[in-house]
Amino acid sequence: MSKNLTKREVDYSKWYNELVVKADLAENSAVRGCMVIKPYGYAIWEKMQAQLDKMFKETGHENAYFPLFVPKSLFEAEEKNAEGFAKECAIVTHYRLQNDPDNPGKLRVDPTAKLEEELIVRPTSEAIIWNTYKGWIQSYRDLPLLINQWANVVRWEMRTRLFLRTAEFLWQEGHTAHATKSEAVTEAMLMQKVYAEFAEGFMAMPVIKGAKSDSERFAGADETYTIEALMQDGKALQAGTSHFLGQNFAKAFDVKYTSKEGKQEYVWATSWGVSTRLIGGLIMTHSDDLGLVLPPKLAPIQVVIVPIYKGEDQLEAISDRVNVFVKELRSKGISVKYDDRDTFRPGAKFAEYELKGVPIRIAIGNRDIENNTVEVARRDTLEKETVSQDTIVDFVEGLLDKIQSNLFDRAITYRNNHITEVNSFEEFKEVIEKKGGFVSAHWDGSAETEEKIKELTKATIRCIPLDSKIEEGSCVFSGQKSSKRVLFAKAY
């Protein structure tokens, strides 16, 4: 299995595509640009979803659901948002099919069944949600309104890659309304913080919190806050965004509230989201030439136990022993699979779980029964050791924590070693081409300079870090004055 994977250093893109398919995470579908997420891949998404949902609810948010279709008139109400997504929209124009009189057994669109108004298949839900909020918000007593939805969206992509960029993908989108600007900005930054805590605490993926430049900002937002991660090939991945929308959508949809003073005021808004592209980020942050490497907190199977035996008697004795500590491990909330299939040899099972990135593999044979031991292999370092069956439950519990920490430490070391400060455009180009990673450079703040750098190097401003220190300097490209450094990188 893993032996057939292309090596990362040979072709990183090919390695990624092969791994997603061979590890049974997803596959391309009959619908161009869309994917089928297979059970193992969906199990990772479910774990992500469960943890994020918990974090959202702990910060006061509630889940709701809004329509998949957005009438064109609503979609175009906020001009910047409509313009930003116009080229990616899928549009429903008719509501019925009919038998094709020229091709028996085939169907055609009924030309008489044209919709009076086209429906946009949601690329994002601000329009339909803010039209709804108009009926929900009348008074300051109705605020803040903190809503999230788990949904699918469609953005018509021509060049797709499983998880990272597909025409349809799964995500969550939060949409909140507030009485004041400061409350809305605080909300947007809070959700950026939640995303960062999830990425680092559960995905073991270090991120940089920052703000987007004007040209990279979400269409219709006054400010976009982002978390940016670095993949093993030196490219950046935008892992989550949170937007301060100002009063743009409130004005477009006439969403007002009566203040305590009895005045009519427009509300202030945010939106924020992460998607199934996080699975792509998870793969590219940790995995190796042998297959997936999954952090224990998001692994569908945290521990797999493989019996090594000859004959039914040995299997029965092993199973009796294994069932005891399987029960104990599960009582501690650890997900365990006991693979006693007789259709595969132990070596094939080892290769399968290595490919699928199961954090801990336990092998137990007849000799282990006699010695009261098991062999434990950890996926992150590939190290093996012999452990007493009497202490295996506590050992596994501690080892899962060690693996989680090790993956984060390894990723942050790589990331920190790939943030390079440069002071000239020659240095900039050399780092982008030869080393990769984030380039920390002065920028004059102009869209023209940003666009020219992108044109010449394919690197974009990933973010203006929130912790950027004020530092007088000269723009790496134009030589104009600059007060702080920003992070550039090639990106997915």
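Its convex hull of Cα atoms gives the chain a direction-averaged projected area, equal to a quarter of the hull surface, of 29.9 nm². Karplus-derived 3J(HN,Hα) values for segment 210-224, using 6.51 cos²θ - 1.76 cosθ + 1.60 with θ = phi - 60°, are x, 10, 7, 6, 4, 6, 9, 6, 4, 5, x, 9, 8, 8, 10 Hz; glycine and proline are entered as x.
Here the alpha carbons of segment 256-351 define both size measures, Rg and Dmax, at 24.9, 83 Å.
Distance distribution note for segment 98-165: the fraction of Cα pairs above 21 angstrom is 60%. Here, segment 445-484 has an Rg and a Dmax of 10.7, 28 Å when only alpha carbons are counted.
Label separation (Asp320 vs Asn63): 4.4 nm, computed from points 7 Å beyond Cα along the C-beta direction.
Using a 1.4 Å probe, what is the accessible area per residue for the chain, in Å²?
Details: 23080 Å² over 492 residues.
Roughly 47 Å² per residue, with all protein chains present.
In this entry, segment 406-452 is assigned a mean projected area of 4.0 nm², taken as a quarter of its C-alpha convex hull surface.
Segment 153-255: percent of C-alpha pairs farther apart than 16 Å? Please report the intermediate quantities before stating the final value.
Working: 3405 of 5253 pairs.
The answer is 65 percent, as a whole percent.
Using the empirical formula 2.2 N^0.38 Å as the baseline, the Cα radius of gyration of segment 371-492 reaches a ratio of 1.63.
The apolar share of the surface of the chain, taken as the fraction of accessible area on carbon and sulfur atoms (1.4 Å probe, ligands and nucleic acids excluded), comes to 49 percent. Loop-located GluC sites (Glu not before Pro) in segment 221-291 (DSSP state not H, G, I, E or B) with no more than 14 neighbouring Cβ atoms inside 10 Å: Glu261.
With the biggest extent put first, the Cα atoms of segment 33-109 measure 58, 39, 22 Å across the principal axes. In a DSSP loop and with at most 10 other Cβ atoms within 10 Å, the trypsin sites (Lys or Arg not before Pro) in segment 100-187 are Lys106, Arg159.
Arranged from highest to lowest average of other beta-carbon atoms within 10 Å per residue, in what order do the peptides 74-87, 245-258 appear?
Details: 74-87: 17.8, 245-258: 20.0.
Going from most to least packed, we get 245-258, 74-87.
Remark: segment 309-382 is approximated by an ellipsoid whose semi-axes, taken from the C-alpha gyration tensor as √(5λ), come to 19, 16, 12 Å, largest first.
Past the 20 angstrom mark, what percentage of all C-alpha to C-alpha distances in segment 69-218 do you count?
Numbers: 7345 of 11175 pairs.
I get 66 percent for the Cα pairs in segment 69-218 exceeding 20 Å.
Electrostatic tally near Val422: other residues with Cβ closer than 14 Å to its Cβ, Lys and Arg +1, Asp and Glu -1, net -2. Entry note: segment 261-305 has Rg to Rh equal to 1.43, where both radii use alpha-carbon atoms and Rh is the Kirkwood radius. Based on alpha-carbon atoms, the Kirkwood radius and the radius of gyration of segment 1-72 give Rg/Rh equal to 1.14. Based on C-alpha pairs under 8 angstrom that are at least 6 apart in sequence, the chain has a relative contact order of 14 percent. Each listed q (0.12 Å⁻¹) maps to a log10 I(q)/I(0) for segment 1-150 from the Debye sum over equal C-alpha point scatterers, namely -0.88.
So what's the net charge close to Glu472: Lys and Arg +1, Asp and Glu -1, counting the other residues with Cβ under 13 Å from its Cβ? Could you put the intermediate results ahead of the total?
Working: positive: Lys469, Lys481, Lys484, Arg485; negative: Asp444, Glu471.
Summing Lys/Arg as +1 and Asp/Glu as -1 gives +2.
Across segment 202-274, the convex hull enclosing all Cα atoms gives 120 Å³ per residue.
The values are calculated or read from the model by the stated rules, or taken from the named source; none is laboratory data. Everything quoted here is computed from the prediction, not taken from an experiment. Note that we place each Cβ from the backbone using ideal geometry, even for glycine, and neighbour counts take in every protein chain shown. These accessible areas exclude ligands, DNA and RNA; they are computed on the full protein's heavy atoms, side chains included. Shrake-Rupley method; radii C 1.70, N 1.55, O 1.52, S 1.80 Å.
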